[in-house]
């Protein structure tokens, strides 16, 4: 079927018991945003949950290591009478545009456009919204929630409360946490990452920062390979490749626009109920680095908030053994017990 609308280029529906799923393409400015609207026949809330995915180009289901995070979540919400919309990032699936060069402001504007679309739509109208952001998506949803009176609740799912640069530097340390290596080498490498990101941001002294980065990388690789009799030429080649890769990565607008933005500055301005979800084995957005910072910001805002911690959950909120990235793809692709139900219960509370 084709829908005749300025905003929708086409849709299809699948009836599953009393749930209807509608695929939409929303046009805004010079890009299109493809997504899926899931509507239960008997809605228990008039608000629409809009989901924003984490870092990297993600499809509407937020498919991560074989686990369709958002798809599983929306099915639970629909079963509890809650409508939802999930969408493809720029340049993915049915969405057009350039993800690599998109900024925090671009992502926020895309989300604002989705809200406007449903406010104006005659067949699928919504005037109240609940924003759910996973990981980096939490930064986007909070940024939008601050200045939008139509947003009534905010759900932060493994979302950072510190500038992303702090998360990046923590993850550099975490990479060597289980390895037997002198902390001085690790801290030199952390400083090299920090220096390189700063040089790229300022567009100043980049060559010198790269030399320091390369030298620190060679030093730590040499220590790691001391028992494997690896030729220095090979270690140097690997270090060169790593330095070149990070020179590119740390200059991507899709990362740099987030690096120095402090999410807590947005959390401090919120005047709506907030649900913060944390994984006890999340090693990407850790409780230790983020929970207190988020709570302090919300206390400053004076808003109502609830925190839920799932002890065995990793960053995807799967039941984890170690929480390390390497095990993601080996785990059962579903949430830890009671995760989805806790979200729907909070929405309807």
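The values are calculated or read from the model by the stated rules, or taken from the named source; none is laboratory data. In this text, all values refer to a predicted model and were calculated from it rather than measured experimentally. Heads up, the Cβs are rebuilt from the backbone with ideal geometry, glycines too, and the neighbour counts pull from every protein chain shown.
Residue 174 falls short on exactly one of the conditions (1) under 28 Å from residue 289 (Cα atoms); (2) assigned by TED's automatic domain parsing to the domain that holds residue 314, and that condition is (2).
Return yes when residue 305 is in contact with a strand residue (DSSP E or B) (Cβ under 8 Å, 6 or more places away or on another chain) and closer than 25 Å to residue 174 by Cα and no when it is not. No. Just to be sure before I move on: is residue 63 modelled with pLDDT of 95 or more, closer than 22 Å to residue 253 by Cβ and assigned by TED's automatic domain parsing to the domain that holds residue 132 in the structure I sent? Considered against the rule, which asks whether it is modelled with pLDDT of 95 or more, closer than 22 Å to residue 253 by Cβ and assigned by TED's automatic domain parsing to the domain that holds residue 132, residue 63 comes out as no.
Going through 230, 238, 321 one at a time, which residue ends up being in the same structural domain as residue 175 (by TED's automatic domain parsing), over 20 Å from residue 140 (Cα atoms) and part of a loop (DSSP other than H, G, I, E, B)?
Values: 238 fails: part of a loop (DSSP other than H, G, I, E, B); 321 fails: in the same structural domain as residue 175 (by TED's automatic domain parsing).
Among 230, 238, 321, only 230 is in the same structural domain as residue 175 (by TED's automatic domain parsing), over 20 Å from residue 140 (Cα atoms) and part of a loop (DSSP other than H, G, I, E, B).
Only residues that are surrounded by fewer than 17 Cβ atoms within 10 Å (Cβ to Cβ) and in a loop (DSSP other than H, G, I, E, B) were counted across the stretch 262-275, and they come to 2.
Might you let me know whether the stretch 304-311 holds any residue that is over 27 Å from residue 143 (Cα atoms) and modelled with pLDDT of 95 or more? Taking every residue of the stretch 304-311 in turn, at least one turns out to be over 27 Å from residue 143 (Cα atoms) and modelled with pLDDT of 95 or more. When 2, 43 are checked against the criterion of being surrounded by fewer than 13 Cβ atoms within 10 Å (Cβ to Cβ), assigned to a loop (DSSP other than H, G, I, E, B) and either assigned by TED's automatic domain parsing to the domain that holds residue 334 or at pLDDT below 95 (or both), 2 stands alone in meeting it.
Can you give me the number of residues within the stretch 170-200 that are free of Cβ contacts under 8 Å to residues at least 24 places away in the same chain and not in a helix (DSSP H, G or I)? Don't jump to the end; show me each part of the working.
Of the stretch 170-200, the ones free of Cβ contacts under 8 Å to residues at least 24 places away in the same chain are 172-173, 175, 177-178, 180, 183-184, 187, 190, 195, 198-199.
Now narrow it down to the ones that are not in a helix (DSSP H, G or I): 177-178, 180.
Within the stretch 170-200, residues that are free of Cβ contacts under 8 Å to residues at least 24 places away in the same chain and not in a helix (DSSP H, G or I) number 3.
Is it the case that the stretch 111-122 has a residue that's assigned to a loop (DSSP other than H, G, I, E, B), assigned by TED's automatic domain parsing to the domain that holds residue 58, farther than 15 Å from residue 269 by Cα and free of Cβ contacts under 8 Å to residues at least 24 places away in the same chain? So far as the stretch 111-122 goes, yes, one or more of its residues are assigned to a loop (DSSP other than H, G, I, E, B), assigned by TED's automatic domain parsing to the domain that holds residue 58, farther than 15 Å from residue 269 by Cα and free of Cβ contacts under 8 Å to residues at least 24 places away in the same chain.
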